[in-house]
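Visitor: Structure in structure tokens, see below.
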Amino acid sequence: MDEVTMLDGWLPGRIFWDDADVEASVVEWIWCDAPRFTEAFLDDTFTGLMRHPANTLFRRRTTLAELETWVGRSPGVPPTGFIFHVSRCGSTLLAHLLGRLDGALVLSEPGPVDSLIRAGERLGRERQVALLRAMVGALGQARAPGQSRLFVKFDAWNTLQHDLIREAFPETPWVFLYRDPVEVLVSALGQRGVHTVPGLLPASLFGIDAEPDADAYAARVLGAIYAAGLEAHGRAPGLLVDYGELPGATWGEVAAHFGITPTPDEIARLTAASGRNPKQGDQPFTADAEAKRQSAPEGLRALAERWMQPAYERLEDARSN
């Protein structure tokens, strides 16, 4: 049995880049026999798997070329639909609910995919597109009988590389999920993701300069993502979804956009699951939109109005039309 065949049951978890020789970069694989990924984020799945003694002792490492060879022999489930989002707007709930459909596998913000999307300076465009296809194929292997639906929820900032992802997967339908700017900014500043902390991701990724004020930086980053979703929709229309349309849009407009007609049993299952918060261990969901708006100080409202509101209003116009 050769090296590639033995990757059955293994997941690519990380890429260790070699800037001196990019083709010598290493993909680290970990063993996973779970039929699907139930954590809110795939990186949480990887972290949990790494706690297993066997995965601490035994890992596989391949080159990028071996990753491609493996996927050439075992292509994985073709992507059914992609989720782009502005963050803090219900995207985790949407992905969680789609994962409850029959035969579904969800990749929620997979780290190796983001690593490849942000590797443009290391890889030529053609190589980047090929490796992006290979990584999604490797992560999207069927893990249970009948698994035929694959959904990928990208990191929020990947919306700015929408054209790259569309080049790799031109036929895959996509949605862009967003929310009222004040509500998003209140949530983002209350618990900052890496994209809203100056210095953790390059400011140039968002097309902005360095910003000394951390709150203003977060608003500008989020505004850039709103604008990127709007621009993507203008180039290759997807489905625009406002947070207020959830959860019903999941088994309604979103499912239809992805070519799915849910059965009554699936709708009942998704309806029941929609009352739980996937980020909090499936604790009961509590609506917080009004509380977020009421808690927003005037300075925060001004930042949202300046940097986020214009693109949000244009998204709303595009959605209503």
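Visitor: Give me, ordered by chain and number, the residues 5 or more places off Lys153 or on other chains with an amide H under 5 Å from its own placed amide H.
Guide: Result for Lys153 returns Ile83, Leu107, Ser108, Glu109.
Visitor: Apply the Karplus parameterisation 6.51 cos²θ - 1.76 cosθ + 1.60, with θ equal to phi minus 60°, to every residue of region 27-33 and state each ³J(HN,Hα) to the nearest whole Hz, in sequence, with x for glycine and proline.
Guide: Rounded to whole hertz, the list is 9, 9, 10, 10, 7, 8, 10.
Visitor: Find me the longest stretch of the chain that has none of the exposed GluC sites (Glu not before Pro), where exposed means in a DSSP loop (not H, G, I, E or B) with at most 14 other Cβ atoms within 10 Å. Walk me through the numbers before you get to the answer.
Guide: Values: sites that count: Glu3, Glu121, Glu171.
Result for the longest clean stretch: 172-321.
Visitor: Check which residues have an amide H placed less than 5 Å from Leu11's amide H, if you skip close sequence neighbours.
Guide: When sequence neighbours closer than 5 places are left aside, the close amide H contacts are Ile30, Trp31, Cys32.
Visitor: Given a 10 angstrom Cα cut-off, can you work out which residue in Ile30, Ile83, Ile225 is the most mobile in a GNM of the chain?
Guide: Ile30
Visitor: Also, I was wondering about something else. Report the semi-axes of the equivalent ellipsoid for region 23-123 in whole Å, largest first, where each axis is √(5λ) for an eigenvalue λ of the Cα gyration tensor.
Guide: Details: eigenvalues 114, 69, 45 Å².
Rounded to whole Å, the semi-axes are 24, 19, 15.
Visitor: Another question, if that's okay. Helix 214-235 versus the longest principal axis of the chain: what angle, 0 to 90°, nearest 10, using Cα atoms?
Guide: So the inclination is approximately 70 degrees.
Visitor: Here's something else I'd like to know. Taking amide H positions as placed in the peptide plane 1.01 Å from N, state which residues far from Leu239 in sequence (5 or more) or on other chains have amide H under 5 Å from it.
Guide: Trp174, Val175, Phe176
Visitor: Still on this structure, I have one more. Could you run the Debye sum over the Cα atoms of region 150-228, one equal point scatterer each and no solvent, and tell me log10 of I(q)/I(0) at q = 0.16, 0.22, 0.25, 0.27 Å⁻¹, two decimals?
Guide: Once normalised to I(0) and log-transformed, intensities are -0.63, -1.05, -1.25, -1.38.
Visitor: If you add up the charges near Phe41, with Lys and Arg at +1 and Asp and Glu at -1, over every other residue whose beta carbon is less than 12 angstrom from its beta carbon, what do you get? Let's see the in-between values first.
Guide: Numbers: positive: Lys153, Lys279; negative: Glu39, Asp43, Asp44, Glu109, Asp114, Asp155.
Here the charged neighbours net out to -4.
Visitor: Something else about it: Could you go through region 204-209 in sequence order and give the Karplus-derived ³J(HN,Hα) for each residue, using 6.51 cos²θ - 1.76 cosθ + 1.60 with θ = phi - 60°, rounded to whole Hz, and x for Gly and Pro?
Guide: Using θ = phi - 60°, the values come out as 5, 4, 9, x, 10, 8 Hz.
Visitor: Can you list the HN-Hα couplings for region 289-295, worked out from phi with the Karplus curve (6.51, -1.76, 1.60; θ = phi - 60°), rounded to whole Hz and with x for Gly and Pro?
Guide: 4, 5, 5, 5, 5, 5, 7
Visitor: Also, I was wondering about something else. Using only Cα atoms, locate the centre of region 71-117 and the centre of region 272-321, then give the distance between them in Å, rounded to an integer.
Guide: One Cα centre to the other: 22 Å.
Visitor: When 1/r is averaged over all different Cα pairs and the result inverted, which Kirkwood radius in Å belongs to region 96-250? Don't skip to the answer; put the middle values down first.
Guide: Values: mean 1/r = 0.0591 Å⁻¹.
One over the average 1/r among Cα pairs gives 16.9 Å for region 96-250.
Visitor: Okay, next question. Any idea how far apart Phe285 and Asp317 come out in nm if each label point goes 7 Å out from Cα toward Cβ?
Guide: 3.0
Visitor: Counting Lys and Arg as +1 and Asp and Glu as -1, what is the net charge of the other residues whose Cβ lies under 11 Å from the Cβ of Phe16? Kindly include the intermediate steps, with their values, before the conclusion.
Guide: Numbers: positive: Arg14, Arg61; negative: Asp18, Asp19, Glu28.
Result for the neighbourhood of Phe16: -1.
Visitor: With no solvent and one equal point scatterer placed on each C-alpha of the chain, evaluate the Debye formula and give log10 I(q)/I(0) for q = 0.14 Å⁻¹, two decimals.
Guide: The Debye formula, applied to the Cα set alone, gives -1.15.
Values in this text are rule-based calculations from the coordinates and carry no lab data. Predicted model, so just to flag it, every value in this text is computed and none were measured. Quick reminder, even Gly has a Cβ in these numbers, built from the backbone with ideal geometry, and neighbours come from all protein chains shown.
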